[in-house]
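The values are calculated or read from the model by the stated rules, or taken from the named source; none is laboratory data. Predicted model only: the values in this text are computed from it and were never measured. Note that each Cβ is placed from the backbone with ideal geometry, even for glycine, and that neighbours are counted across all protein chains shown. In case anyone asks, the SASA skips ligands and DNA or RNA and just uses the protein heavy atoms, side chains included. Shrake-Rupley method; radii C 1.70, N 1.55, O 1.52, S 1.80 Å.
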Amino acid sequence: MYIESNNKSKSVGNNRSLVHRNSMNPLITPEAVKPSRPNFVVEGVFNCGAIKYGDEYILLCRVAESVKSEHEDTISFPIVVEKNGVNDFEIVVLEKNKYPEYNFSDTRVITRGRDGYSDVVYLTSLSHLRIARSSDGMHFKIDEKPTIMPYGENEVWGIEDPRITEIDGLYYISYTAVSPNGAGTALIATRDFKTFERLGLIFLPENKDVTIFPKKIGGKFIAFNRPVPKAIGSPDIWISESYDLIHWGNHKHFFGVTESGWEAGRVGGGSPPILTDRGWIKIYHAADRNNRYCLGAFLLDRDDPTKIIAKSREPLMEPEEVYELEGFFGNVIFTCGAILEEGVIQIYYGASDDKICRADITLEDLYYHLGLV
């Protein structure tokens, strides 16, 4: 259960004057990324976790790769397989005319209808995680080799959408682990972004968009997550508690989709919460029923984050620029990481599922957007 405030948000007609897109956007594009294998093609670099590590800005990027099909009537894509106890890759090739029950219209997934539902049977790309580094938060150099590759039966279809939370000098990376079993959430820990410890699945499929608070509240770790019901219910934001970051419970519904408008399709994800003098800032994403993705914001009570002090009545950011409207999957703005620095929130976001961009907003302007000024 959540408690919504009675504040009446001011109507901000044009958030372009509040949120400032970086003039260098897009900061990282697929052309800047070296494929992990000679026969792979980088389709996108997007949806990055973001953190300030010492004097360095680090983006942990999702890199999606595919394999070019030799014929128009076929589609090819890689999956993870185990060979002789070692992770390897296999290329799946489908002749479209042999699978009339499959829907190939979505560039991201191949689906099959079943009793009124649509099941995902394959992804068209395989994602891994790769670090990009910068001294100024704008000019990034992405590593030539993958940082973290998918591994094991829960990551056969890749690893996606990392989010980084620092707690007492340890950096926790929550990410979506995708396999034919569904999309669950796994956790990795690191102290130096050089060595990584896999901690396994922390939320079973179908659950994703996990963002962990950077400090305990009431002696417990807190995380937002987004279950995806397939029968009853809708893809809403939930909030959960843990004593060890591995075992989660006391799950509570936090915020749900609306009947119409920009939040009518799904809500969730965004960047890990940021603590300010006025409470927790939570940047989140929402999609309408046409899969148009926008960003919004919550301000939550410092000691009880289930209490909503204020939230966006309209999008904080929505697809407007060409690089947000056109791409691998257009009309998308999606963030996994934001950094608060000197009163400015730097939002790093994926645009059209294939490139990384940045937009800044001052805390004062964000509070205005939320109707608090």
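Being under 24 Å from LYS52 (Cβ atoms), modelled with pLDDT under 95 and surrounded by fewer than 22 Cβ atoms within 10 Å (Cβ to Cβ) is true for just one of ASP168, ASP192. Which residue is that? Full working, then the answer.
Numbers: ASP192 fails: modelled with pLDDT under 95.
Only one candidate qualifies: ASP168.
Yes/no per residue for (1) within 30 Å of ALA189 (Cβ to Cβ); (2) among the polar types (S, T, N, Q):
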| site | (1), (2) |
| --- | --- |
| GLU90 | yes, no |
| PRO100 | no, no |
| VAL121 | no, no |
| SER127 | yes, yes |
| ALA132 | yes, no |
| PHE140 | yes, no |
Filter result (small (Gly, Ala, Ser), free of Cβ contacts under 8 Å to residues at least 40 places away in the same chain and open to solvent by less than 80 Å² (accessible area, probe 1.4 Å)) within the stretch 59-118 = SER69, SER76, GLY85, GLY113, SER118
Please go through the stretch 244-271 and pick out each residue that is crowded, with 18+ Cβ neighbours inside 10 Å, part of a loop (DSSP other than H, G, I, E, B) and not acidic (Asp, Glu).
-> LEU245, VAL257, TRP262, GLY265, GLY269, GLY270, SER271
Would the stretch 119-139 turn up any residue that is open to solvent by 30 Å² or more (accessible area, probe 1.4 Å), assigned to a loop (DSSP other than H, G, I, E, B) and either more than 24 Å from GLY270 (Cα to Cα) or among the polar types (S, T, N, Q) (or both)?
-> yes
Answer yes or no as to whether LYS230 is at pLDDT below 95, in a loop (DSSP other than H, G, I, E, B) and among the charged types (D, E, K, R).
-> yes
Could you tell me which of the residues ARG358, ARG292 is under 27 Å from ILE173 (Cβ atoms), charged (D, E, K, R) and at pLDDT 95 or above?
-> ARG358
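Would you check if GLU241 is among the charged types (D, E, K, R), in a strand (DSSP E or B) and over 16 Å from the mean Cα position of the chain (by Cα)? Walk me through how you get there before you give the answer.
Working: among the charged types (D, E, K, R): yes; in a strand (DSSP E or B): yes; over 16 Å from the mean Cα position of the chain (by Cα): yes.
Answer is yes for this residue.
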May I ask you to list the residues in the stretch 222-262 that are aromatic (Phe, Trp, Tyr) and free of Cβ contacts under 8 Å to residues at least 40 places away in the same chain?
-> TRP238, TYR243
